[in-house]
Amino acid sequence: ATAAPARTILTLLGGAGPIPADADWAAVDRLAGMHRLQPLLHARHRDNPAIPAAIRTGWAAAYRAGAMTTLTIKADLADCLALLRAAGIEPLAMKGAWLAWHAYPHAAERPLRDLDLLLPLDRARDGLELLLGAGWTYAEAPDLPIEQLLLVDKSPPPLIAPRGTAIELHWHAWFPTGRLD
């Protein structure tokens, strides 16, 4: 029997024992791609001869692509923070927006789809309007007016930065109590 791809990935990520000799590397690579783990696997195993060279080459390409993407994302984050802070709004970076640059040796190792920023509730509307006025656009139109969203949701639809990064502005870290789904 061939070692399960998930078990092989967990071994590669956590160092829990030797890499299975019977690993199905094509399946491991597919699963790693689905979970956006190829850059992290490259960082940890770039020179590991137990992993086929073709797989390591693909992981290296994913790492390079991730590194390039993080440059754009970091620039959009810096622009967003500068705009908000200039208006006296102090956001809190959450999840990947913080982790990528503070918990990983290189941001390319942390998969990012969007950035999440928590705004003070009393300044959330101001922050949203500021970014919209600076050229940011909604990924999709909100289904409620901002006044109602502030009461019943944790965030409006994501905003798209001028360079293309999706940023979610949150005014709650979770859905408000009493919200009807």
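The values are calculated or read from the model by the stated rules, or taken from the named source; none is laboratory data. Note that the structure is a prediction, hence the values are computed from the model and not measured. Note that each Cβ is placed from the backbone with ideal geometry, even for glycine, and that neighbours are counted across all protein chains shown. The protein model used for the area step is the full one, side chains on, heavy atoms only, and it has no ligands, DNA or RNA in it. Shrake-Rupley method; radii C 1.70, N 1.55, O 1.52, S 1.80 Å.
Here are the numbers for this structure:
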read-out: Heavy-atom surface of the chain, accessible at 1.4 Å and reported per residue (Å²); value: 55 Å²
read-out: Mean separation of Cα contacts under 8 Å, 6 or more apart, over the residue count of segment 82-129: relative contact order %; value: 41 percent
read-out: More than 13 angstrom apart: percent of Cα pairs within segment 126-181; value: 60 percent
read-out: Where a label projected 7 Å from the Cα of Arg7 along Cα→Cβ would reach, residues of segment 26-40 with amide N under 12 Å; value: none
read-out: Accessible surface of Arg30 - all protein chains present, 1.4 Å probe, nearest 10 Å²; value: 140 Å²
read-out: Candidate residues Lys154, Lys74: accessible-area rank, largest first, probe 1.4 Å; value: Lys74, Lys154
read-out: Span per principal axis, largest first, for the Cα atoms of the chain (Å); value: 58, 35, 25
read-out: Accessible-area value, Met94, 1.4 Å probe, nucleic acids and ligands omitted, Å²; value: 30 Å²
read-out: Amide H partners (placed H, <5 Å) of Tyr138, local residues excluded; value: Ile160
read-out: DSSP-defined beta bridges in the chain - what % are antiparallel, rounded to 5; value: 55 percent
read-out: Choice from Arg110, Arg163, Arg125 with maximal GNM fluctuation in the chain (Cα, 10 Å cutoff); value: Arg163
read-out: Among Leu115, Leu77, Leu12: highest mean-square fluctuation, GNM of the chain, C-alpha pairs under 10 Å; value: Leu12
read-out: Taking segment 44-108 and dividing mean pair separation by its residue count, relative contact order in percent (alpha carbons under 8 Å, at least six apart); value: 32 percent
read-out: Two-site label geometry, Phe175 and Asp47: point separation in nm, points 7 Å out along Cα→Cβ; value: 5.0 nm
read-out: The chain - percent relative contact order, Cα under 8 Å, separation 6 or more; value: 16 percent
read-out: Gained length - Lys95 relative to Met34, 0.36 nm times residue gap less alpha-carbon distance; value: 20.0 nm
read-out: Share of carbon and sulfur in the accessible heavy-atom surface of the chain [1.4 Å probe, %]; value: 58 percent
